[in-house]
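Before any comments, here is the structure.
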Amino acid sequence: EVQLVESGGGLVQPGGSLRLSCAASEFTFSTYWMTWVRQAPGKGLEWVANIKEDGSEMYYLDSVKGRFTMSRDNAKNSLFLQMNSLRAEDTAVYYCARVRAGGGFDPWGQGTLVTVSS
Amino acid sequence: QSVLTQPPSASGTPGQRVTISCSGSSSNIGSNTVNWYQHLPGAAPKLLIYSNNQWPSGVPDRFSGSKSGTSASLAISGLQSEDEADYYCAAWDDSLNGYVFGTGTKVTVL
């Protein structure tokens, strides 16, 4: 069964950094675009970033550009999101998901909670 | 702020048909395909419809999607209690160079 498992969430102070990881299994990770999506408490889904199969292209939500960096290690079937200069408004559950060749994100991981607070 | 607009809520009794609208613009729905997601509380979001009207494996055909111009819609026929969830439309936006989700619609089964 295709599986994505996020880790690395936690409580961090404003201005701090956190690195999220997403471990992929049971599919050829290196042949798929991947994505991060977040959901702030009481809010809707918000796309954060995409990365190409070989890591050569990334796209980011405007509000995280220059602060977040998405990367991947295809040898280890792993996806990462380095988050710097964190703000209170970055508080959310962060999900990683696989980008289907035909469109859409499927499947999704169970999510990891990031709380930015002093 | 989302660029895709959905009604905040929709409801129906078991067996009824419910439709959710998604309004966008020429830079997103007007020029790219639409996907729909179901998000149950405490669970991972699930892809329900991709490329406007296609079903991923395992999704029942009670769910159907359509698109016309800069709008799209999701229909749920034969509404069941387990369909109570939040539903989101989404599409790539060429102007923002990013993926955008709709504002979300909470479906309640009365």
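The values are calculated or read from the model by the stated rules, or taken from the named source; none is laboratory data. This one's a predicted model, so the numbers in the text were calculated from it and none came from an experiment. No Cβ is skipped: glycine too gets one built from the backbone with ideal geometry, and neighbour counts run over all protein chains shown.
Within 14 Å of another protein chain (Cβ to nearest Cβ), over 14 Å from the mean Cα position of the chain (by Cα) and in a strand (DSSP E or B): which single residue out of B:Tyr87, B:Tyr37, B:Tyr99 fits that description?
On the way: B:Tyr87 fails: over 14 Å from the mean Cα position of the chain (by Cα); B:Tyr37 fails: over 14 Å from the mean Cα position of the chain (by Cα).
Of B:Tyr87, B:Tyr37, B:Tyr99, the one residue that is within 14 Å of another protein chain (Cβ to nearest Cβ), over 14 Å from the mean Cα position of the chain (by Cα) and in a strand (DSSP E or B) is B:Tyr99.
Close contacts from segment A:87-101, counting a first residue that is surrounded by 22 or more Cβ atoms within 10 Å (Cβ to Cβ) and a second that is assigned to a loop (DSSP other than H, G, I, E, B) and among the basic types (Lys, Arg), with Cβ to Cβ under 8 Å and a gap of 6+ residues or different chains, come to A:Ala92/A:Lys43. The residues on offer are B:Pro14, B:Pro56, and the sole one that is modelled with pLDDT under 95 and in a loop (DSSP other than H, G, I, E, B) is B:Pro56.
Just give me the residues in segment A:74-102 being assigned to a helix (DSSP H, G or I), over 16 Å from A:Gly15 (Cα atoms) and of a type in the set (A, V, I, L, M, F, W, C), in sequence order. Working first, answer last.
If we filter segment A:74-102 for residues that are assigned to a helix (DSSP H, G or I), which is where we start, we get A:74-76, A:88-90.
If we keep only those that are over 16 Å from A:Gly15 (Cα atoms) too, we end up with A:74-76.
Scanning segment A:74-102 gives a single hit, A:Ala75.
When A:Asp106, A:Asp73 are checked against the criterion of being without any contact (Cβ under 8 Å) to a residue 12 or more places away in the chain, closer than 19 Å to B:Ala90 by Cβ and either charged (D, E, K, R) or more than 10 Å from every other protein chain (Cβ to nearest Cβ) (or both), A:Asp106 stands alone in meeting it. On inspection, B:Ala43 passes the criterion of being at pLDDT below 95 and aliphatic (A, V, I, L, M).
Okay, residues lined up against (1) under 24 Å from B:Cys89 (Cα atoms); (2) away from chain B (no Cβ under 13 Å); (3) basic (Lys, Arg):
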| site | (1), (2), (3) |
| --- | --- |
| A:Lys52 | yes, yes, yes |
| A:Ser63 | yes, no, no |
| A:Asn84 | no, yes, no |
| A:Val116 | no, yes, no |
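For segment B:64-90, the set of residues classified as hydrophobic (A, V, I, L, M, F, W, C) and surrounded by 19 or more Cβ atoms within 10 Å (Cβ to Cβ) consists of B:Ala72, B:Leu74, B:Ile76, B:Leu79, B:Ala85, B:Cys89, B:Ala90, listed by residue number.
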